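Colleague: I am attaching a structure below and will ask some questions about it afterwards.
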Amino acid sequence: MSYRIVLIPGDGIGPEIVAGAVEVLEAVGAKFGHDFQFDTVLAGGCAIDAYGVPLPEDTLQKCLQSDSVLLGAVGGPKWDTLPGHLRPERALLGIRKALGLFANLRPAKLQKELAAASPLRADIAARGVDMLIVRELTGGMYFGPRGRGEGELGENAYDTEIYSVGEITRIGRVAFDTARKRGGKVCSIDKANVLESSRLWRETMHRLAAEYPDVTYCDMLVDNAAMQLIQNPAQFDVIVTSNLFGDILSDEASQLTGSIGLLASASLGEGTRGMYEPIHGSAPDIAGLGIANPIATILSAAMMLNLSFGLTAEAKAVEDAVAAVLAGGARTKDIAAGGDFIAGAEMTARIIAAL
Ligand code: NAD
């Protein structure tokens, strides 16, 4: 099969880590007989430098014509003082909106050899962490009506959490369908004891749960979930939650695994096309030094193989290769805990060799 992949290396370490993922995809193509065609485009700070805008029209059009998008990271101190509409991060919002990407999937898995890098107590880490957070990405408080006014105690400001049954249903289906392919459990996180929007969220999730009798379902209040993630993370398989709660909880969950350089993500819409990217940023402090960990981007490419192209065996081969290399003791600087480490390019080479 042939697949058209748009590459957005972006800024900072983006070009280094995307190059690693491309090498891995080419190795997968050679091994399994697929043709991956790559088209590299600009977005973020480098696009501001070249064209004066973070998301050039040509980049957007190419994303719309692609089978999927692989992104490194955008941003850096050079562009920090620009006005909001010209900031590199605007490129991400523009692509998500144009591609209708409403579901953000972030797996958080603790590899047992890296347990020492996790802030979890050893006995809790030993029970394992292997969850997937499904965050609603285009609704809720980040997009609801907002404003400022005057009140008795001076100037005030408000943001509004609005969710429709349609929005909740479609993100819920992503969670339930994904749970069927994983551990068969969904936990929906809300604040239904206080918020009306959460009560509608919960009612809608209950209706969906009835359609998926083979999936074990539970609700959890967000304050309890924040504690449970630390106390007993092994209980979670798929977590589904709103944009705001998901933003916070997915960062908390990512820390359980020890390093930001290992964690992948996918943003999906109604079709098969998605945008895949590591959860970390452009790491300007280490850009160009050759020490960036490529694994988060390589695992993002594996998610693309699985979720957008349906190449489950190929995705598993990449995940297994990464796990084998880590189990064999290879470490980039971010996961070396002060010990010996290898360059990012060497990590990529070892993963390809394991593949
Ligand atoms: P960051 O994730 O870039 O870096 C945080 C720390 O983690 C740094 O010490 C960095 O060196 C380290 N790190 C990150 N990725 C690593 C990797 N693959 N290997 C080894 N170490 C790694 O976060 P930040 O410093 O807060 O942000 C830097 C820039 O990235 C900012 O401009 C921010 O806006 C942007 N950013 C972009 C995205 C994105 O493109 N999706 C996401 C987050 C931040």
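The values are calculated or read from the model by the stated rules, or taken from the named source; none is laboratory data. Predicted, not measured: the structure shown is a model, and the values here were computed from it. No Cβ is skipped: glycine too gets one built from the backbone with ideal geometry, and neighbour counts run over all protein chains shown. With ligands, DNA and RNA removed, areas are computed over all heavy atoms of the protein, side chains included. Shrake-Rupley method; radii C 1.70, N 1.55, O 1.52, S 1.80 Å.
Colleague: Given +1 on the Cβ of Lys and Arg, -1 on the Cβ of Asp and Glu, and no further charges, what dipole in debye does the chain carry about its Cα centre, rounded to the nearest 20?
Modeller: Numbers: 31 positive and 43 negative charges, 127 e Å.
Charge dipole of the chain: 620 debye, to the nearest 20.
Colleague: While we're here: Would you calculate a helix-derived [θ] at 222 nm for the chain, using -39,500 (n - 2.57) for each DSSP H run of n ≥ 4 and dividing by the full residue count, to the nearest 500?
Modeller: -12500 deg cm²/dmol
Colleague: Kindly sort Val186, Val174 by accessible area of their heavy atoms, largest first, with the probe set to 1.4 Å. Intermediate values should be presented prior to the final figure.
Modeller: Working: Val186 5, Val174 30 Å².
Sorted by accessible area, descending: Val174, Val186.
Colleague: Oh, and also: Express in Å², to the nearest 10, the accessible area of Arg180 obtained by rolling a 1.4 Å probe over the protein heavy atoms while all chains stay in place.
Modeller: Rounded to the nearest 10, that gives 120 Å².
Colleague: Now for a different question. Determine the alpha carbon to alpha carbon distance for each of Lys109/Lys316; Lys109/Lys185; Lys112/Lys181; Lys181/Lys316 and list only those over 19 Å.
Modeller: Over 19 Å apart, Cα to Cα: Lys112/Lys181.
Colleague: So for the chain, averaging the separation of alpha carbon pairs under 8 Å that are six or more residues apart and normalising by length, what relative contact order in percent results? All intermediate terms of the calculation are to be shown ahead of the outcome.
Modeller: Values: 743 pairs, mean separation 77.2, N = 355.
Rounded, it is 22 percent for the chain.
Colleague: Something else now. Keeping all protein chains in position, work out how much accessible area His34 exposes to a 1.4 Å probe, and write it in Å² to the nearest 10.
Modeller: Probe radius 1.4 Å; accessible area of His34 about 30 Å².
Colleague: Can I ask one more? Multiplying the sequence separation of Leu86 and Asn224 by 0.36 nm and subtracting their Cα-Cα distance, what value in nm do you get? It would help to have the intermediate numbers written out before the result.
Modeller: Details: separation 138, 0.36 × 138 = 49.68 nm, distance 3.82 nm.
Between Leu86 and Asn224, full extension yields 45.9 nm more.
Colleague: With every protein chain left in place, what is the accessible area of Val165 in Å² (1.4 Å probe, nearest 10)?
Modeller: Approximately 60 Å² of Val165 is accessible to the 1.4 Å probe.
Colleague: Stick to the Cα atoms of the chain, pair each with every other, and give me the Kirkwood hydrodynamic radius in Å at one decimal.
Modeller: Hydrodynamic radius (Kirkwood, Cα only) of the chain equals 21.1 Å.
Colleague: Quick check: Cα centre of the stretch 160-196 to Cα centre of the stretch 229-296, how many Å?
Modeller: Taking the Cα centre of each part, the stretch 160-196 and the stretch 229-296 sit 19 Å apart.
Colleague: Setting aside same-chain residues fewer than 8 positions from Lys78, which lysines have a Cα under 29 Å from its Cα?
Modeller: Lys62, Lys97, Lys333
Colleague: With contacts defined as alpha carbon pairs under 8 Å and 6 or more residues apart, what's the relative contact order of the stretch 119-256 in percent? Walk me through the numbers on the way to the answer.
Modeller: On the way: 214 pairs, mean separation 51.8, N = 138.
Relative contact order, the stretch 119-256: 38 percent.
Colleague: Express in % the proportion of alpha carbon pairs of the stretch 149-291 at distances exceeding 27 Å.
Modeller: Working: 3273 of 10153 pairs.
Counting every Cα pair in the stretch 149-291, those more than 27 Å apart make up 32 percent.
Colleague: Which order do you get for Cys63, Cys46, Cys218 if you rank them by accessible area with a 1.4 Å probe, largest at the top?
Modeller: The most accessible residue leads, giving Cys218, Cys46, Cys63.
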